[in-house]
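Working notes, structure below.
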């Protein structure tokens with residue numbers, strides 16, 4: 001989705017996609033709620049490092065390995081991320097997955113043209129993400 005923004009943005013009308021009998025499904029608000037929760041989550045990202053150091057190993061995600069030959073992705077492989085050998089690899093993989101979701105949702109979706117999400121600060125300084133997709137339900 002990072003490399004083919006024109007395929008899905010501007011977002012399609014929600015009425016184009018139905019879930020069951022519901023005509024009021026708004027996936028963009030659901031996505032904004034997910035990003036708010038993930039941004040507040042302690043992802044244990046300190047187990048990850050951008051630098052290869054002594055006693056560090058590469059964190060590889062099975063989904064990245066599986067999609068490595070997929071033509072739209074093959075020219076932009078994932079940046080290598082490392083973790084110390086003493087850390088649990090599965091924990092490091094999950095931290096990396098969450099970091100990728102957070103980057104896409106809170107970074108890319110807030111800065112693409114037109115933006116899909118917006119970061120707002122509520123009372124008491126609580127930050128959250130909201131959907132700013134126009135005409136989400138109306139066709």
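A short reminder: the numbers here are calculations on the coordinates, not readings from a lab. Here the structure is a predicted model, which means the values were calculated and not measured. Cβ coordinates were reconstructed from backbone atoms using ideal geometry, including for glycine residues, and neighbour counts include every protein chain displayed.
Things worth noting here:
- Lone qualifier among 80, 114 - being in contact with a strand residue (DSSP E or B) (Cβ under 8 Å, 6 or more places away or on another chain) and assigned to a loop (DSSP other than H, G, I, E, B): 80
- Residue count for region 34-61, restricted to those that are out of contact with any helix residue (DSSP H, G or I) (no Cβ under 6 Å at 6 or more places or on another chain), touching a residue at least 12 places away in the same chain (Cβ under 8 Å), in a helix (DSSP H, G or I) and surrounded by fewer than 16 Cβ atoms within 10 Å (Cβ to Cβ): 1.
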